Amino acid sequence: MDLPPPEPAAPSSELLSVLAREFSSTTEDYDALMALVARRVSGLFGDLCVIRLVSADGRFLEPTAAVFHPDPQMIALAQGATATHPQRVGEGITGRVAATGEGVLIPVVDTARMLADLDPERRAAVELQHIRSLVVVPLRSHGRVVGVVSLTRSDPQRPFNKGDRQLIEDVAAHAALAITNARSFAAERAAHAAAARANQALVESEEAQRLLFEASPLPLFVFNIETLSPITANAEALLLYGYTRDEFVRLKVSDLPVAGQDTAKARLQAWGDAPTAGVSRYRRKDGSQFVAEYHTRALRYAGQPARIAVIKDVSDRYEAEQSRALLAAIVQTANDAIISKRPDGTITSWNDAAVRLFGFAPDEAIGKPITIIVPPERLAEEKNLIDRVMAGERVDHFETVRRRKDGGEVSVSISVAPILDASGAVIGASKTARDLTAQRKAAEALRHTEEQLRHAQKMEAVGRLAGGVAHDFNNILSVILSYSELLLGDLEPNNPTAADIGEIGKAARRAADLTRQLLAFSRQQIIEPKVIDLNELVAGMDQMLKRLLGEDIDLAFSPSSTAGRIRADAGNIQQVLMNLAVNARDAMPTGGQLTIETRNVDLDADYARAHLGSLPGPHVMLAVSDTGIGMDQATQARIFEPFFTTKEAGKGTGLGLSTVFGIVQQCGGSVWVYSEPTRGTTFKVYLPRVDAEVDVALPSHPAGSLRGWETILLVEDQEQVRTVADGILKRNGYRVIAAQNPSEALRFCERYPGPIALLLTDVVMPQMSGPELAVRISTTRPEIKVLCMSGYTDDSIIRHGVLDGGMAFLQKPFTPDSLSRKVREVLDAAPKDGGPKNVR
């Protein structure tokens, strides 16, 4: 059965390899080879295939060498049309291809124009072919055009394209090499017969000798054994070497081989009277080289001791052998396993990649059934593949599982193609197997990374939402906290209303705590990072953690003596440890053990790639492990989401672990959880390690009186916040100028005749920011001090230049006490040189 047509865009190297083996196996029968080539090209690519060869003198296209068409009548018509019409090289389409060596593609044939240029006999033959599309390609061997392949299609819906032409040219290249070899074999047989006849004729008659000598189709020359000078040469020898007769007889035969004169001379003189044969590389007059077989025999010629030499150019065959050797080397060095087998499944070849993939050495596999690499449950699958290929079908990229020598299984992608003999019968199959292990691992790693990225994007979106509402919540909570404390301060302790107002204050403080936790999760809280020793911090929390965990939970601390230092807000790290401890306690309702450990770790690039958000480099690890109920995968995927909790209603806010996540991320670290149901949980926090000394905490000084007498310019665009702040300051004795926006504040500054000691301003306002307002006012009042306040988050404060500019800052929500203390702190601080008097 014929091979299936290949895809038109790019030739399959395996298909070309199969065709090359098929052609080369038929080179000893020239007629059979030509018929095979025509049948294969027609069957694979078109309808009518006509092969014509260039004559030996290069002037004509010889009568048709081979024709094939599915319809025998068409074969007869084509043979008759071309056999009786000799054609010069250069004339017509096929003649031009033979002359130039460039293929021709005519996707749509102008039938009327073609028929007009033909004589009546050939016109009738062409009309019957219904030609709609045409491709003509050269048969090129060893750099020389030896013939032309013409191919037609009659289907107007399937015109030839560039991809078809390229594929046909690739097949023609393999066919040309085989055709040249076949002609050489035929010529060699004729030459040997002619040489035998010539040698006998030389004995019988010099005239007969001369005639046979000149008529030989192979190059022949005779040379003097003693002088090594040529005595005579036939026309084929002169044509082969490129010399005239006079030039040739003036040479030394030792000058002809490329091996070198001295080497060639020694070899010739060592032959004696014995017949000799061999292969050597020769040089033509123009300097080009060729490989030839030589046969010599001693004789006497015109009374002189001589030898007759028969030279046969085998350059094409030598090149073919080199190509086969190269193909074998490519197969052996291929990354994919390449295996061939007979129809019964017996393995006939096994390359190095097959050894690496399946573990069997060649002598362990060749001659064995292909089932040695097939798992028992897939034997029916393998039989189906063999049946399909034996029917002439090609199977590409079939993914399955095969077995190694050690019994392990490996995922592979298999492609199988039939191997055909000269008659087109399937005589075996060629199989390639590609290991899919690395590809599957890469796909799984990509899937894991995509899941982590989606999770990170979800967490980022929730964080932005949390930060966006913080400002409004903080303004509202400032009003609630301030008025509740002011009301409590005005009531007698035994007033029954005091308890109710106290509950309002407690609720507001709980709301403020929730806001702070949301900001911690979204990495937008304002922090004061310092270099701290993690071991010292954990050790200092020992008693607090024991009280928190209770008596039925054993606490073990395993610090590493070499654990490095980190840069973080100490209060935040304490919050992380507290939240993890509470989470562990709730996971051990009947008691258990909580282990806290620290140590240095170096995260490599592979870990960072597998854990999105991690960065490679030196870190300090804080691990918190419990022996509790553990978590399944679905729970682990959501534990860091705000408000997600597995606890009963009213027993948890769902912000504990999200706060941990946000704090660790804000420190530049990462946190990962390892857990299995009933096997406990381990949280590992990785914080970047720093090479710096621990920051020493400065001693705190007790605050003095919170009252004052100075004039304060208050700028706040939220009316309720402005009103409550104004009331708090006036209660403490300050003169207050309240402005609802920056423009109004600038006008008050210009009109107010007395000194203004402090600018108390919101950061984010219409028209301009608080820091910008401070710069404007400082141009006319250089001694004024500045205190900024805001309910916005870290990112907004930094963007408006508050923290980076070293300005004093008060985070909302504030209380009467926190506002009064901060105002007094700024007013009592020593002024800085130049610009607004900003004090942290």
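The values are calculated or read from the model by the stated rules, or taken from the named source; none is laboratory data. Predicted model only: the values in this text are computed from it and were never measured. Cβ sites come from the backbone with ideal geometry, for glycine too, and all protein chains shown count toward neighbours. To get the accessible areas, we keep the full protein, side chains included, count just its heavy atoms, and leave off ligands, DNA and RNA. Shrake-Rupley method; radii C 1.70, N 1.55, O 1.52, S 1.80 Å.
Legend: residues Arg565, Arg140, sorted from most to least accessible area (1.4 Å probe; ligands, DNA and RNA excluded), read Arg140, Arg565. Subtracting the Cα-Cα distance of Arg113 and Ile93 from 0.36 nm times their residue separation leaves 5.9 nm of extension gain. Were the residues from Thr276 through Gln543 laid out at 0.36 nm apart, the gain over their Cα-Cα distance would be 85.7 nm. Along the axis of the charge dipole computed for the range 546-626 (Cβ charges of +1 for Lys and Arg, -1 for Asp and Glu, origin at the Cα centre), the listed residues Met588, Ala605, Gln575 are led at the positive end by Gln575. Annotation for Lys383 and Glu321: the two label points, set 7 Å from Cα along the Cα-Cβ direction, are 4.5 nm apart. Derived value for the range 673-783: Kirkwood hydrodynamic radius 17.9 Å. Basis is the mean of 1/r over every pair of different alpha-carbon atoms.
Taking 0.36 nm per residue of separation and subtracting the Cα-Cα distance, full extension of the segment from Gln289 to Asn224 would add 21.0 nm.
Under 5 Å between amide hydrogens, built in the peptide plane, is the criterion, and for Ala66 it picks out Ile51 among residues at least 5 positions away or on other chains. Note on the range 320-439: Cα convex hull, mean projected area over all directions, 7.7 nm².
Cα-based radius of gyration for the range 127-189, normalised by 2.2 N^0.38 Å, reads 1.36. Here the peptides 397-409, 235-247 are ranked by packing, the mean other Cβ count within 10 Å, and the order with the highest first is 235-247, 397-409.
Label positions at Arg250 and Lys530, each projected 7 Å from the Cα along the C-beta direction, are separated by 10.6 nm.
The peptide list 590-597, 271-278, put in order of mean Cβ contacts within 10 Å with the highest first, becomes 590-597, 271-278.
Sorted by mean Cβ packing within 10 Å, highest first, what order do the peptides 41-47, 300-306, 570-576 take?
Numbers: 41-47: 21.6, 300-306: 12.9, 570-576: 19.3.
Taking the mean over residues of other Cβ atoms within 10 Å, the ranking is 41-47, 570-576, 300-306.
Computed from the Kirkwood radius of its Cα pairs, the Stokes-Einstein diffusion coefficient for the range 544-627 at 25 °C and 0.890 mPa s stands at 171 µm²/s. Using the Cβ-Cβ distance between Glu750 and Arg567 with R0 set to 60 Å, the FRET efficiency works out to roughly 0.85. Here the range 324-424 is assigned +1 on the Cβ of each Lys and Arg and -1 on the Cβ of each Asp and Glu. Its dipole about the Cα centre then comes out at about 140 debye. For the pairs Lys441/Lys530; Lys546/Lys822; Lys785/Lys812, note any where the Cα-Cα span goes beyond 31 Å. Cα-Cα > 31 Å for Lys441/Lys530; Lys546/Lys822; rest within.
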